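Just below is one structure, and these are the notes that go with it.
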Amino acid sequence: MQECKKLFVVHLSEREYFAVPKNLKLLAVPLFELYDNVQRYGPVISTIPQQLSRFQFNMIHS
């Protein structure tokens, strides 16, 4: 049997937010900026685009 993983992206309304501890910082970074950018984001985070390319994404709009 083939493994199946599901990931759901949920849109947050203006009244909802991410709770981030004061000693940490939340950044929204485009995937193209992460790609092969080891100097800025390190060896693990810079490989996220390559790791995501292994999956097939189906977008469903409701």
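For this structure, a couple of remarks:
- Any pair with Cβ under 7 angstrom, 6 or more apart, that starts in segment 41-54 at a residue that is touching a residue at least 12 places away in the same chain (Cβ under 8 Å) and under 12 Å from residue 30 (Cα atoms) and ends at one that is open to solvent by less than 90 Å² (accessible area, probe 1.4 Å) and among the polar types (S, T, N, Q): 46/37
- Residue 12 passes every criterion in (1) open to solvent by 100 Å² or more (accessible area, probe 1.4 Å); (2) modelled with pLDDT under 85 apart from (1).
- Among the residues of segment 37-62, those identified as modelled with pLDDT of 90 or more and more than 15 Å from the chain's Cα centre (by Cα) are 37, 38, 39, 40, 42, 43.
- Selection of segment 15-33 for residues being surrounded by 10 or more Cβ atoms within 10 Å (Cβ to Cβ) and modelled with pLDDT of 90 or more yields only 33.
The values are calculated or read from the model by the stated rules, or taken from the named source; none is laboratory data. Owing to the predicted nature of the structure, the values given are computational and were not obtained by experimental measurement. Here the Cβ is made from the backbone with ideal geometry for all residues, glycine too, and neighbour counts use every protein chain on show. For accessibility, only protein heavy atoms count, side chains too; no ligands or nucleic acids. Shrake-Rupley method; radii C 1.70, N 1.55, O 1.52, S 1.80 Å.
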